[in-house]
Amino acid sequence: MSIENDAFVVSNLSEMLEGQVAVLSAGYLNATQSLEIIDALRTSALYRPDQNSYILYPNKDLPKFLEKNNVPKESIEKSQLLTQLLTNNNNVIINKDCKGNYHFNGNFHNANYLKEALDQLKNKDEYHDLVVKESDNILQIFEDVFNHKAFTGRSGTFFAFEGLGSIYWHMVSKLHLAVQEVIEKAHQDQEDSAVIEALSNHYYEIGKGIGVHKTPEVYGAFPTDPYSHTPMHRGAQQPGMTGQVKEDILTRKGELGIKVAAGKLTFQPTLIPENQFLQQDETVNFIDFENNLYSLTLEKGSLAFTICQVPIVYKKAGNNQIEVKYKNSTTETISSLTLSHEVSQKIFQRTGEIVQVTVAINI
């Protein structure tokens with residue numbers, strides 16, 4: 001399958017961000033092909049430069065309010081029911097303005113309102129037969145005028161924070177994760193280092209576009225507060241994490257290079273930015289298995305996190321190596337980045353036997 005065909009599939013089957021994410025996550029493309037799609041995404045109508053992020057659907061020009069509800073004269077003339085209603089000055093479905101233009105009842109929100117009006121007319125003897133004969137035709141005229149089937153919102157009704165031009169933050173986090181998965185596969189397949197670097201740059205830029213990295217002026221809210229959408233016309237809207245938190249946890253786990261296979265814990269970080277390593281020594285507090293507070297001094301050039309309450313300390317070094325420190329003050333040195341099944345299970349089961357794991361990484 002060529003990248004030209006893949007790009008054709010993306011652009012023609014789905015112009016939405018979901019389509020781009022699905023293609024990247026499917027695993028059918030190699031790193032170079034994925035990079036071409038991500039490059040194209042950055043220059044496409046889905047990218048919003050003002051937010052350094054991606055909208056759910058490509059924005060487009062739509063008919064203005066006064067242009068939408070206009071029923072063609074020929075549609076009126078082909079309908080006995082609409083013609084009869086106008087002759088009788090019955091505006092329950094259709095009306096004619098002072099300029100001779102025809103419009104559906106302005107109170108109709110969707111086809112269900114039209115169906116209710118037709119049912120009411122059906123109960124009247126003078127309209128009964130015409131309604132039975134023409135209901136489907138009238139509903140089709142309504143659809144032709146409003147083109148509801150081409151609606152591009154995420155539900156049956158547009159909300160202020162959804163639809164065209166709107167960033168749906170959960171989907172941006174899915175894109176973030178999908179690109180990370182592409183990078184991981186590229187490392188496994190030993191793809192070209194320049195391609196991996198370009199993919200990594202995209203990954204970082206997508207991450208920067210997510211709210212927590214922005215100023216309140218740009219985000220439109222406190223950057224640390226989770227919001228569901230950012231529409232074109234205002235700042236972040238609809239407080240709530242939705243499903244975004246899941247992807248953000250997974251991407252952080254991926255950045256730290258935490259992997260588990262066959263019950264063994266492996267550390268393979270490839271996406272940790274340089275600025276996340278400490279610029280000076282620092283004392284950090286942790287909670288042990290007995291819920292007691294204790295402190296560790298981290299050296300400049302390191303970073304730390306926990307897995308099942310066991311502190312994991314990363315240090316940059318010339319060789320890959322793991323040092324496991326036990327509660328009984330003994331240590332074990334492993335000349336790889338993978339812990340044995342036995343040691344891994346002690347961590348996962350929180351036995352309390354392991355008090356710290358120091359990982360020296362050749363980054």
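Yes or no, residue by residue, for (1) closer than 30 Å to Ile258 by Cα; (2) under 18 Å from the mean Cα position of the chain (by Cα):
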residue	(1), (2)
Val132	no, no
Ile141	no, no
Tyr168	yes, yes
Leu177	yes, yes
Gln190	yes, no
Pro226	yes, yes
Every listed condition ((1) modelled with pLDDT under 95; (2) farther than 30 Å from Lys214 by Cα) holds for Gly165 save (2)
Among residues of segment 60-72 being of a type outside the set (Lys, Arg) and part of a loop (DSSP other than H, G, I, E, B), the residue surrounded by the most Cβ atoms within 10 Å (Cβ to Cβ) is Asn69
TODO: Look at Tyr57 and say whether it is within 15 Å of Phe142 (Cα to Cα), of a type outside the set (Val, Ile, Thr) and open to solvent by less than 90 Å² (accessible area, probe 1.4 Å).
DONE: no
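Does segment 44-56 include one or more residues that are part of a loop (DSSP other than H, G, I, E, B) and more than 30 Å from Glu181 (Cα to Cα)? Write out each step before concluding.
Filtering segment 44-56 down to residues part of a loop (DSSP other than H, G, I, E, B) leaves 44-46, 49-52, 55-56.
Retained after the next criterion (residues that are more than 30 Å from Glu181 (Cα to Cα)): none.
No, segment 44-56 contains no residue that is part of a loop (DSSP other than H, G, I, E, B) and more than 30 Å from Glu181 (Cα to Cα).
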Within segment 281-308, restricting to residues that are closer than 17 Å to Phe348 by Cβ and modelled with pLDDT under 95, the one that is most open to solvent (accessible area, probe 1.4 Å) is Phe289
Within segment 244-257, residues open to solvent by less than 60 Å² (accessible area, probe 1.4 Å) and either under 20 Å from Asn275 (Cβ atoms) or part of a loop (DSSP other than H, G, I, E, B) (or both) come out as Asp248, Thr251, Gly254, Glu255, Leu256, Gly257
Restricted to segment 325-345 and to residues being hydroxyl-bearing (Ser, Thr, Tyr) and open to solvent by less than 80 Å² (accessible area, probe 1.4 Å), the residue farthest from the chain's Cα centre (by Cα) is Thr330
For Ile322, the lone unmet condition from (1) exposed (fewer than 14 other Cβ atoms within 10 Å of the Cβ); (2) touching an Asp or Glu at 6+ places or on another chain (Cβ under 9 Å); (3) of a type in the set (Val, Ile, Thr) is (1)
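Taking Lys316 as the residue in question, decide whether it is open to solvent by 70 Å² or more (accessible area, probe 1.4 Å) and modelled with pLDDT under 95. Reasoning before the result, please.
Working: open to solvent by 70 Å² or more (accessible area, probe 1.4 Å): yes; modelled with pLDDT under 95: yes.
When the stated conditions are applied, Lys316 passes them.
The values are calculated or read from the model by the stated rules, or taken from the named source; none is laboratory data. Note that the structure is predicted; figures quoted are calculated from it, not measured. We place every Cβ from the backbone using ideal geometry, glycine too, and count neighbours over all the protein chains shown. All accessible areas refer to the heavy atoms of the entire protein, side chains included, with ligands and DNA or RNA removed. Shrake-Rupley method; radii C 1.70, N 1.55, O 1.52, S 1.80 Å.
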